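Remarks on the structure that follows.
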Amino acid sequence: ADEEGLEHGGWATIFTARSAIEARVLVTDRMKPLVVHGRTTHQIGLPYHWGSRLLTSGDSANDLMHAALDPNVHIMETKAATCGIRPGRRPRGKALTEFVAELRDQAHSRREMAERVEPEETRKTAPS
């Protein structure tokens, strides 16, 4: 939370390449960062139901991901994804569409500029 400038009780915008939602921040030490191959990844927990069904107010985490419904009960089966977070409320209307488009453009630019690094196992070919 400190690294991103988030404050307990404040607003945060959570975003993916698909959309952005806003939520109140709850800072806790119960969810520890993960360190994978020397890279620290922080976890963000979000409730994922009911946003657009008017049973609660606010945005739905389902908006951040593509629709992948369980075939029997039609509940979103997507439960984990990568995302970004920043302090403040999300843009609205056309500004939201522009915000997400800008994030996609930035991601494509970084991907084009970055040197591709593959694990050793991927580079090795199996004997024929």
Review point. Which residues, taken from region 2-16, are without any contact (Cβ under 8 Å) to a residue 40 or more places away in the chain and on the phi < 0 side of the Ramachandran plot?
Key: 2, 3, 8
**Study point:** Residue pairs meeting the criteria (Cβ under 8 Å; at least 6 apart or on separate chains; first free of Cβ contacts under 8 Å to residues at least 40 places away in the same chain, in region 59-83; second of a type in the set (A, V, I, L, M, F, W, C) and part of a loop (DSSP other than H, G, I, E, B))
**Key:** 60/50; 69/75; 76/65; 76/67; 76/68; 77/68; 78/65; 78/68
Practice item. Please determine, by comparing only the residues of region 84-104 that are part of a helix (DSSP H, G or I) and in contact (Cβ under 8 Å) with a residue 24 or more places away in the chain, which one is surrounded by the most Cβ atoms within 10 Å (Cβ to Cβ). Key: 100
Practice item. Filter region 45-62 down to residues that are within 17 Å of the chain's Cα centre (by Cα) and open to solvent by 70 Å² or more (accessible area, probe 1.4 Å) and give me whichever is modelled with the lowest pLDDT. Key: 48
Study note, to complete from the structure: From the option list 81, 107, 68, single residue qualifying as more than 22 Å from residue 13 (Cβ to Cβ), open to solvent by less than 100 Å² (accessible area, probe 1.4 Å) and modelled with pLDDT under 85 is 68
Exercise for review: State whether the residues of region 108-118 include one that is touching a residue at least 60 places away in the same chain (Cβ under 8 Å) and of a type in the set (Lys, Arg).
Suggested key: no
Practice item. Determine the pairs where a residue that is open to solvent by 60 Å² or more (accessible area, probe 1.4 Å), located within region 17-35, has a partner that is part of a strand (DSSP E or B) and of a type in the set (A, V, I, L, M) with Cβ atoms under 9 Å apart, the partner being 6 or more residues away or on another chain. Key: 24/12
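The values are calculated or read from the model by the stated rules, or taken from the named source; none is laboratory data. No experiment lies behind these values; they were computed from the predicted model shown. Virtual Cβ from ideal backbone geometry, glycine too; neighbours counted across all protein chains shown. Ligands, DNA and RNA are stripped out before the accessible areas are found, and what is left, the full protein with its side chains, is counted by its heavy atoms. Shrake-Rupley method; radii C 1.70, N 1.55, O 1.52, S 1.80 Å.
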